[in-house]
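A.B. asks: Structure below; questions to follow.
Derivation of every value follows stated rules applied to the coordinates shown; laboratory data play no part. Please read all numbers here as calculations on a predicted model, not as lab measurements.
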Amino acid sequence: MNESIRILAVDDDLDNLELMGATFEDEGIEVWTASSALSTLEILNSGKTEFHAIFLDWMMPGYSGIELLNTLKRDQHFRNIPVVMQTARVQAEDIALGMRLGAFQYLTKPFSRDTLISVMNSAIAEYGRLHQKYRGSCQEPSHIEDFSQQLINVTKIQDDFLQNFDSQKLLAKNHRLKKTLKQLSLVDVMRNEQLTKVSHELKSPLASILGYADTLSECPLEEDERQQILQIIIEEVERLGRLIGNQLDQASFEHGKLQLNLNEIDLDQVIQKSVQAVQGLIQRKKRIGIQYIPKTIKLIGDRDRLEQVLINLLGNAIKFSPDRSTILITAEQRGYHCQVQIKDQGPGIPEQELDEIFEKFHQADSPVASQGTGLGLTISREIIHAHQGSIWAESSSQGAAFNFSLPLGFTTRQT
């Protein structure tokens, strides 16, 4: 083994270190290895030996290869050691960055044994050239001052660049951190607002239930009056159940625990049952009609979850519909998909909100929209996506339309 030539191989992949070690040793080269930036600096700073080249992996945990290259090239003791960067990154900006920081060459993973040997020989030759040039310059007294001044100038330029590079990188990280903190702060505010709304929404049906229950227990009523009050109590209990269910569903979606109970279902039956479920809301609040022409469409889906979507979308349409208006429901089969549309005659949706309306915590900027928790559309989107379908909103001066498309059959999937 030629003990006068030594290479330091740095990689957190032990298999790759073993491959390089075997290859270099076959060529008569003494090989030292390190698996991290810290162990690399410990070896170099120990001063026990001089290395003719360093083969450095770009992607390492903690202190990366490119950061270690930066450190080495700023240290006068190590800046003349050729550094070969090993990387699977082939983007032009990555390669340019490494070369600006002082990398001698690049090895793109995976590389062959012949390529590794060729680059090794080039690096060793570069080491010899640099040190011969340095020794030759120092042997002639007349060139010492010029060489020293050139070295100072080069070092200053390099340090200025690296300092600017570090500053730019720090500014970029600081900008990303500020953006993340701003987003987290916004989410926190939204969560607090959401909790306030949920608390208010839960109190409303509870107060209604308690009030009507007191009326039943304390006041003599005719049978038809008792039945009306009982129906209101039932509707408020159902409303309370939906509010609690929405909160539980949202938690399930966030933890990826939504499960679908898939069976062949008749879409017409699902729509008609959903329309029936919102009749109490219509009768109590507004004189609104719902038009739907029955159409037989069979598909694979979760009946209860699709009813939940339709009730959410119908409830949203009722909320925004003016008095004496009509909500139109259409369903049709298009090839291997079916499409459902629920169209109201309300004020419509601002164009800038169409892409955000299904996002969690989003609510339209109107007094009507502020009534409710704002989770219905988000939950509807998650359910439709779990069925491998799509959902979207449209708007015009005549009102808003919510659409969803579902495959007639699909492979079982859980979210």
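A.B. asks: Let me make sure I get this right: for the range 1-80, a, b and c are the square roots of the gyration tensor eigenvalues over alpha carbons, sorted descending. Under 1.5 in a/c it's rounded, otherwise prolate if a/b > b/c, else oblate. Which is it? Could the numbers behind the result be given before it?
C.D. replies: Values: a/c = 2.13, a/b = 1.21, b/c = 1.76.
Judged from the Cα gyration tensor, the range 1-80 comes out oblate (a/c at least 1.5, b/c at or above a/b).
A.B. asks: Another one. Starting from the exponent 0.38 and prefactor 2.2 Å, build the expected Rg for the range 2-139 from its residue count and divide its actual Cα Rg by it. Mind dumping the intermediate values first?
C.D. replies: Numbers: Rg = 14.2 Å, N = 138, 2.2 N^0.38 = 14.3 Å.
Dividing the Cα radius of gyration by 2.2 N^0.38 Å gives 0.99.
A.B. asks: Output ³J(HN,Hα) for the range 112-121: one whole-Hz value per residue in order, computed from phi by the Karplus curve 6.51 cos²θ - 1.76 cosθ + 1.60 with θ = phi - 60°, and x for Gly and Pro.
C.D. replies: 8, 4, 5, 5, 4, 5, 4, 5, 4, 5
A.B. asks: Then there is this: Filter K73/K109; K109/K173; K73/K173; K298/K343; K179/K343; K179/K319 down to the pairs with a C-alpha to C-alpha distance above 31 Å, please.
C.D. replies: Details: K73/K109 23 Å; K109/K173 28 Å; K73/K173 23 Å; K298/K343 22 Å; K179/K343 38 Å; K179/K319 35 Å.
Going by Cα-Cα distance, K179/K343; K179/K319 fall outside the 31 Å limit.
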